[in-house]
Amino acid sequence: MTTLNSKIPEGPLAEKWNNYKAHQKLVNPSNKRKIDIIVVGTGLAGASAAASFGELGFQVKSFCYQDSPRRAHSIAAQGGINAAKNYPNDGDTIYRLFYDTIKGGDYKAREANVYRLATVSNDIIDQSVAQGIPFAREYGGLLANRSFGGAQVSRTFYARGQTGQQLLLGAYGALNRQIEAGTVKIYNRTEMMDLVIIDGKARGIVTRNLITGKIESHFGHAVVLATGGYGNLFFLSTNAMGSNGSAAWQAYKKGAFFANPCFVQIHPTCIPVHGDFQSKLTLMSESLRNDGRIWVPKNKEDAEAIRAGKLKPTEIPEENRDYYLERRYPAFGNLVPRDVASRAAKERCDAGYGVGTGKAVYLDFKSAIERLGEDKIRERYGNLFQMYEKIVDENPYKTPMMIYPAIHYTMGGIWVDYELMTTIPGLYAAGEANFSDHGANRLGASALMQGLADGYFVLPYTIQNYLADEIHTPRMNPAEVKEFKDAEEQVKNRIDKLMNIKGNRTVDSIHKELGHIMWEHVGMARTKEGLTEGIEKIRALRDVFWKEVKIPGTANGINLELEKANRLADFLELGELMARDALHREESCGGHFREEYQTEEGEALRNDKDFMYAAAWEYTGDHANPKLNKEILKYENIEVKVRNYK
Amino acid sequence: MNITVKVWRQKDANSKGNFESYKLNDITPDSSFLEMMDVLNEQLLAEGKEPVAYDHDCREGICGMCSMFINGRAHGPDTEITTCQLHMRKFKDGDTITVEPWRSGGFPIIKDLMVDRSAYDKILQAGGYISVNTGGVPDANAIPISKEASDEAMDAATCIGCGACVATCKNSSAMLFVAAKVSQLALLPQGKVEATRRAKAMIARMDELGFGNCTNTGACEVECPKGISITHIARLNREFLCAAVKE
Ligand SMILES: Cc1cc2nc3c(=O)[nH]c(=O)nc-3n(C[C@H](O)[C@H](O)[C@H](O)COP(=O)(O)OP(=O)(O)OC[C@H]3O[C@@H](n4cnc5c(N)ncnc54)[C@H](O)[C@@H]3O)c2cc1C
Ligand code: SF4
Ligand code: FES
């Protein structure tokens, strides 16, 4: 049995990372050339890691399922990236960023990791500017900042509403430079299908070429998974269509523990669902809450009239509007963290005050436009307003936006220690794929920070501590190694099995059904009964899938239905683990809200006595229950409190 | 609404393709163009036929993956958007909509509406970056950059690498795409240092990969979903001329 050792370095919090770096093992330059590292994923975490490894002199193989590394889902991030630069001189410090992140995560993240994250946050901004990322600037030529939820300082750097795009293109540029230099080899349109373990260590992966259908093996002295989050389990989410949990799930089945799968972030400001054919939900960046005010009608009759199309929001006078976030949380107002804002929206809509289809609230820029002028608002959010108008066909400069919460981000993921190593030696997880820094709720603009911290500034160090002992391991030729051949065989068998079901249900129809089950039972408000029922339903649906799914064509070439089916098969298992995790956690914290555990005012009620731990689930077989391992969380530098944004 | 879609079907890179027409009923005007394509694919699956292969991922106009020529225009009839942002309300009941892949020697068709745009990656590999390693860089505020320069660099940097400019250009020139990157980096002090070398390397790679020359027709600018302006091509030419003079 594996025991959890988080390998937190000795010393005071602020010194741990320096102590680690001072004492870790390194690989000398001539040996680096002899070492192969596999990096799956080319998002912020994967691209930055692969490029940095290449610069150091390692031989890197980099994989993504899209046609180019630049299209990884990170490209879609809008609002910004945090750093403790304190350029606005408004009182920010590394400690404050650390503190806000731990508190925002409802005290479910590891202190040492989060402190390191806050420390390197500043290096990321320096690096990005050196790469030519055109962050927003003031007239004096220095960098501009904006505010995000859960913070009382302005520490978010941004490039219009396309911060993720710009940061990713920076990392992609660095990756391209290494591809040109020959240290990185890129495999586009290639999906990881399995992880290969030899003598207890991660040694490579098996992939499927999405164009030819060919199953292939790749050797690495170490493997990094930077494959993003699993929010698409819910079918409708803000994630890209191809985002998936499969690589993480394969790792789990090979022995990597999966931590806190039930911690899912529901983002408060997304464009509401419009109909059954809908394929995805569009996020309206949290940065909009800097200037937008959220409200619903104060009177139910007004809400009903709006829903019936008899009244317009602009016709409702100020005194009849309920700015419920400002009312409930005067200290943070519209900038409360996401979990709090999402629940408050749901509460108002469930109580009958929703607008639109009844599942929507207003995000209104009227006062900001009056205060700053339309031009200023256009400069800040122009592309978001345009996006909204294209989708909804309404002009948000003239009438308030309608928004509703949607699945957005997964805090849960593969368990990693301080070095970002999983419970499998030589296997690392970075970015959204790991569970590390955001606890039960991620603050806005912190995912980009974490992905780049992991890839640029953490892994390039920590991976050497492992690889220093691997310099005598010769490169392997997978064609000659039994473990690789066996893994390939298994992948082929699974594909054959899927192709031969030849049922009459399409992949999407089953995926939509899974989404409904998840939203209903494992969504924003969870109960013991609901979760128990949800688990039964997921299992039943899994049987339906394996009996009735229909995949046309063959596996020897492009087969988009096969790709989707393969990912859905894993979601159908991961969904159950999520529900189990939610069922076992008898408390409410961050994105995990159990109706049984709330205060009289409807706020989340934690149970620190029994649940102050990260739940790391261990696979024990397809038909056996997973085993729960606990990483007890110790707070030595922060006083654990009830989260209060009032 | 009821529509007919005439779609290019091509089994693989080596096969000859042809148009197939499909009728679709009860499409809601609020659905996106790709959601309409999803409905078409569900219908084809129900009929036991192979669904239409097309590229897409983010479905919010930023990843640059979607790429369709719709009624003779890259990304369809609306302006400054990608195919995934196009909505069915832009069409009328009873319309026949023609959907083709990008057509350019630089982007070979792989299947149906999917094309191979890896040439774009190769152009950027030639020099579409600032040559700095991770770490050891100056403080982000060490060099002030005027807001104007920074904003203009950002305008160029919004290119999503979709390929509409190439697909629209009668010469299959990748000039707008190349210019966007060269211009972004040349506008910033950090990128200025190797601007000339960069322009030269990227243009050489573009030529090698078989893209055509730019004859300033300006068609690319009109179809670019991100409104990248051809003034960036002028800046590229300046950098390139510098390179030629220095030789
Ligand atoms: C709409 C939106 C807006 C956001 N805005 C912000 C923001 O403003 N600020 C912020 O901090 N965060 C934001 N986020 C969150 C943030 O963008 C993501 O958490 C982050 O970008 C994830 O980066 P990543 O590198 O971990 O993974 P990703 O960018 O998701 O990359 C995953 C990579 O893995 C590859 N991959 C996946 N599975 C496989 C497989 N089986 N085989 C091979 N390759 C595979 C993919 O091809 C891709 O290259 C936003 C998210 C969304 C959805
Ligand atoms: S310049 Fe415009 S059309 Fe060309 S690839 Fe970039 S975004 Fe697409
Ligand atoms: S699918 Fe990403 S731009 Fe259209």
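Looking only at the stretch B:58-65, decide whether some residue is in contact with a Gly (Cβ under 8 Å, 6 or more places away or on another chain) and on the phi > 0 side of the Ramachandran plot. For the stretch B:58-65, residues in contact with a Gly (Cβ under 8 Å, 6 or more places away or on another chain) and on the phi > 0 side of the Ramachandran plot: present. Remark: pairs (first residue in the stretch A:102-125, farther than 15 Å from A:Y613 by Cβ and acidic (D, E); second residue outside any helix (DSSP H, G or I) and at pLDDT 95 or above; Cβ separation under 9 Å; 6+ apart in sequence or on different chains) = A:D123/A:A83; A:D123/B:T134; A:D123/B:G135; A:D123/B:V137.
Of the helices (runs of 4 or more DSSP H) lying entirely inside the stretch A:264-381, those carrying at least 3 residues that are farther than 21 Å from A:N395 by Cβ and over 33 Å from the mean Cα position of the chain (by Cα) are A:300-307. Of the helices (runs of 4 or more DSSP H) lying entirely inside the stretch A:429-512, those carrying at least 3 residues that are more than 23 Å from the chain's Cα centre (by Cα) are A:459-467, A:482-499.
Kindly indicate which of B:S131, B:S183 is more than 18 Å from the chain's Cα centre (by Cα) and either away from ligand 1 (no atom under 16 Å from the Cβ) or open to solvent by less than 10 Å² (accessible area, probe 1.4 Å) (or both).
Working: B:S183 fails: more than 18 Å from the chain's Cα centre (by Cα).
Only one candidate qualifies: B:S131.
Go through the stretch B:139-160 and give me each residue that's more than 7 Å from chain A (Cβ to nearest Cβ) and part of a loop (DSSP other than H, G, I, E, B). Hits for the stretch B:139-160 are B:A142, B:I143, B:C159, B:I160.
If you check A:M524 against the conditions, is it part of a loop (DSSP other than H, G, I, E, B) and either open to solvent by 70 Å² or more (accessible area, probe 1.4 Å) or under 29 Å from A:D339 (Cα atoms) (or both)?
In short, yes.
Checking the structure you have, find out if any residue of the stretch B:195-216 is at pLDDT 95 or above, within 16 Å of ligand 3 (Cβ to nearest atom) and of a type outside the set (D, E, K, R). No, there is no match, as no residue in the stretch B:195-216 is at pLDDT 95 or above, within 16 Å of ligand 3 (Cβ to nearest atom) and of a type outside the set (D, E, K, R).
Just one residue in the set A:F257, A:F263 is modelled with pLDDT of 95 or more, away from chain B (no Cβ under 14 Å) and over 27 Å from A:G79 (Cα atoms); that residue is A:F257. Check the stretch A:219-231 and report whether any residue there is open to solvent by less than 10 Å² (accessible area, probe 1.4 Å) and within 16 Å of ligand 3 (Cβ to nearest atom). The answer is no, given that none of the residues of the stretch A:219-231 is open to solvent by less than 10 Å² (accessible area, probe 1.4 Å) and within 16 Å of ligand 3 (Cβ to nearest atom).
Go through A:R116, A:R177 for me and flag whichever is part of a helix (DSSP H, G or I) and within 8 Å of chain B (Cβ to nearest Cβ).
A:R177
Scanning the stretch A:37-96 for residues that are of a type in the set (F, W, Y) and more than 10 Å from ligand 1 (Cβ to nearest atom) yields A:F53, A:F58, A:Y87, A:Y95.
Kindly evaluate B:I230 against the criterion of being under 16 Å from the mean Cα position of the chain (by Cα) and β-branched (V, I, T). Working first, answer last.
Details: under 16 Å from the mean Cα position of the chain (by Cα): yes; β-branched (V, I, T): yes.
When the stated conditions are applied, B:I230 passes them.
In the set (1) more than 15 Å from ligand 3 (Cβ to nearest atom); (2) in a loop (DSSP other than H, G, I, E, B); (3) without any contact (Cβ under 8 Å) to a residue 12 or more places away in the chain, B:N41 fails one condition alone, (2).
Kindly provide the set of residues from the stretch B:84-96 that are within 12 Å of another protein chain (Cβ to nearest Cβ), away from ligand 1 (no atom under 16 Å from the Cβ) and open to solvent by 10 Å² or more (accessible area, probe 1.4 Å), ordered by number. Before the answer, list the steps.
Within the stretch B:84-96, the first condition is being within 12 Å of another protein chain (Cβ to nearest Cβ), and the residues that meet it are B:84-90.
Narrowing further to those that are away from ligand 1 (no atom under 16 Å from the Cβ): B:86-90.
Scanning the stretch B:84-96 gives B:H87, B:R89, B:K90.
Selection of the stretch B:2-27 for residues being within 13 Å of chain A (Cβ to nearest Cβ) and either in a helix (DSSP H, G or I) or touching a helix residue (DSSP H, G or I) at 6+ places or on another chain (Cβ under 7 Å) (or both) yields B:L24, B:I27.
Please work out if B:G136 is more than 16 Å from ligand 1 (Cβ to nearest atom), more than 7 Å from chain A (Cβ to nearest Cβ) and not in a helix (DSSP H, G or I). Give the derivation first.
Working: more than 16 Å from ligand 1 (Cβ to nearest atom): yes; more than 7 Å from chain A (Cβ to nearest Cβ): yes; not in a helix (DSSP H, G or I): yes.
When the stated conditions are applied, B:G136 passes them.
Of the residues A:N239, A:N244, which is in contact with a Lys or Arg (Cβ under 6 Å, 6 or more places away or on another chain), within 13 Å of ligand 1 (Cβ to nearest atom), in contact (Cβ under 8 Å) with a residue 12 or more places away in the chain and assigned to a loop (DSSP other than H, G, I, E, B)? Before the answer, list the steps.
Numbers: A:N239 fails: in contact with a Lys or Arg (Cβ under 6 Å, 6 or more places away or on another chain).
Checking each option against the conditions leaves just A:N244.
Among the residues of the stretch B:185-222, the ones that are away from chain A (no Cβ under 14 Å), part of a helix (DSSP H, G or I) and within 23 Å of B:D151 (Cβ to Cβ) come to 4 in all.
For B:P108, the criteria (1) more than 16 Å from ligand 2 (Cβ to nearest atom); (2) touching a His at 6+ places or on another chain (Cβ under 7 Å) hold in every case but one, which is (2). Under the condition of being surrounded by fewer than 23 Cβ atoms within 10 Å (Cβ to Cβ) and among the aliphatic types (A, V, I, L, M), the residues counted in the stretch A:575-614 number 4.
From the list B:G72, B:G48, which one is of a type in the set (G, A, S), more than 14 Å from ligand 2 (Cβ to nearest atom) and more than 10 Å from chain A (Cβ to nearest Cβ)? Don't jump to the end; show me each part of the working.
Numbers: B:G48 fails: more than 10 Å from chain A (Cβ to nearest Cβ).
Step by step, each of B:G72, B:G48 is checked, and only B:G72 is of a type in the set (G, A, S), more than 14 Å from ligand 2 (Cβ to nearest atom) and more than 10 Å from chain A (Cβ to nearest Cβ).
I'd like to check something: does the stretch A:74-97 contain any residue that is outside the structural domain of A:L175 (by TED's automatic domain parsing), free of Cβ contacts under 8 Å to residues at least 40 places away in the same chain and not β-branched (V, I, T)? Scanning the stretch A:74-97 turns up no residue that is outside the structural domain of A:L175 (by TED's automatic domain parsing), free of Cβ contacts under 8 Å to residues at least 40 places away in the same chain and not β-branched (V, I, T).
From the list B:C66, B:C58, which residue is assigned to a loop (DSSP other than H, G, I, E, B), more than 9 Å from every other protein chain (Cβ to nearest Cβ) and touching a helix residue (DSSP H, G or I) at 6+ places or on another chain (Cβ under 6 Å)? Full working, then the answer.
Working: B:C58 fails: more than 9 Å from every other protein chain (Cβ to nearest Cβ).
None of the others qualify; the one that does is B:C66.
Before we move on, is B:I81 touching a residue at least 40 places away in the same chain (Cβ under 8 Å), more than 24 Å from B:E50 (Cβ to Cβ) and open to solvent by less than 10 Å² (accessible area, probe 1.4 Å)? Yes, satisfied. Residue count for the stretch A:44-99 under the criterion of being within 19 Å of A:P134 (Cα to Cα), of a type in the set (S, T, N, Q) and within 16 Å of ligand 2 (Cβ to nearest atom): the result is 0. Entry remark, the stretch A:358-384: residues being in contact with a strand residue (DSSP E or B) (Cβ under 9 Å, 6 or more places away or on another chain), open to solvent by 20 Å² or more (accessible area, probe 1.4 Å) and more than 17 Å from A:N299 (Cα to Cα) number 3 in total. Taking (1) in contact with a strand residue (DSSP E or B) (Cβ under 6 Å, 6 or more places away or on another chain); (2) farther than 16 Å from A:V264 by Cα; (3) of a type outside the set (D, E) in turn, A:A582 satisfies each apart from (2).
Between A:E432, A:E379, which is within 17 Å of A:M284 (Cα to Cα) and acidic (D, E)?
A:E379
The values are calculated or read from the model by the stated rules, or taken from the named source; none is laboratory data. In this text the structure is predicted, and so the values were computed from the model without any measurement. Cβ coordinates were reconstructed from backbone atoms using ideal geometry, including for glycine residues, and neighbour counts include every protein chain displayed. Side chains are part of the model used for accessible areas, which takes the heavy atoms of the whole protein and leaves out ligands, DNA and RNA. Shrake-Rupley method; radii C 1.70, N 1.55, O 1.52, S 1.80 Å.
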